[in-house]
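Q: The structure that follows is given in the form of C-alpha cells.
Derivation of every value follows stated rules applied to the coordinates shown; laboratory data play no part. This one's a predicted model, so the numbers in the text were calculated from it and none came from an experiment. Neighbour counts are summed over all protein chains in view; Cβ atoms, including those assigned to glycine, are modelled from backbone coordinates with ideal geometry.
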Amino acid sequence: MESRAARGNFVTPPFAACVVEALEVKASAPEGKASAPSAPLQDLETDEFMDFLGRLNMSKRAELFVSEHIDNIDLLCALDDEEMKDLGLKLGERKKVRRQSIERANRKS
C-alpha cells in the first residue's frame, strides 16, 4: 500500500513516514480488528506524536515505537521503566519520557 506521504497528499518529515504508514496499515485492518481513527484525527495524532518525539530529541526512535505498535503519546507515556529498557531506550531517553509523562499528567489535572 502506498502511503499518503509517498502520494504527496501532504508533506511529512522523513522520520514520520513510518508512523503514517503504520497507521494506514492499521486503518486497513479487516472488520472485527481494531481500526485506526478517521484520517484527520489520524493525521493529528501522528503529527502530535512526532512533535512529542522531536521535543524529546527522540525522532530517531519513531520506527522502533511503531514496530512495537506504540503510535501515540498516551501509549508511550504509559510505558514503565522496565518496558522502556526492554525496548532498548537509554537511561536519558527513559528519563525524558518519564518527565514528559508527569508534565502531561499535571497539565490534564
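Q: Considering only region 52-79, state which residues are charged (D, E, K, R) and closer than 14 Å to Lys96 by Cα.
A: If the condition is that a residue be charged (D, E, K, R) and closer than 14 Å to Lys96 by Cα, then Arg55, Arg61 are the ones that fit.
Q: Output the helices (runs of 4 or more DSSP H) that fall wholly within region 53-97 and possess 3 or more residues being on the phi < 0 side of the Ramachandran plot and touching a Cys at 6+ places or on another chain (Cβ under 9 Å), or say none. Give the steps one after another, and end with the answer.
A: Working: elements: 62-67, 73-78, 81-86.
Where helices (runs of 4 or more DSSP H) fall fully within region 53-97 and carry at least 3 residues being on the phi < 0 side of the Ramachandran plot and touching a Cys at 6+ places or on another chain (Cβ under 9 Å), they are 62-67.
Q: Among the residues of region 46-69, what is the count of those that are of a type in the set (A, V, I, L, M) and in contact with an Asp or Glu (Cβ under 7 Å, 6 or more places away or on another chain)? It would help to see each step written out before you state the result.
A: Step one: filter region 46-69 for residues of a type in the set (A, V, I, L, M), giving 50, 53, 56, 58, 62, 64, 66.
Checking the rest, the ones that are also in contact with an Asp or Glu (Cβ under 7 Å, 6 or more places away or on another chain) come to 58.
Within region 46-69, residues that are of a type in the set (A, V, I, L, M) and in contact with an Asp or Glu (Cβ under 7 Å, 6 or more places away or on another chain) number 1.
Q: Among the residues of region 54-77, what is the count of those that are within 10 Å of the chain's Cα centre (by Cα) and closer than 17 Å to Ala105 by Cα?
A: Of the residues in that region, 5 qualify.
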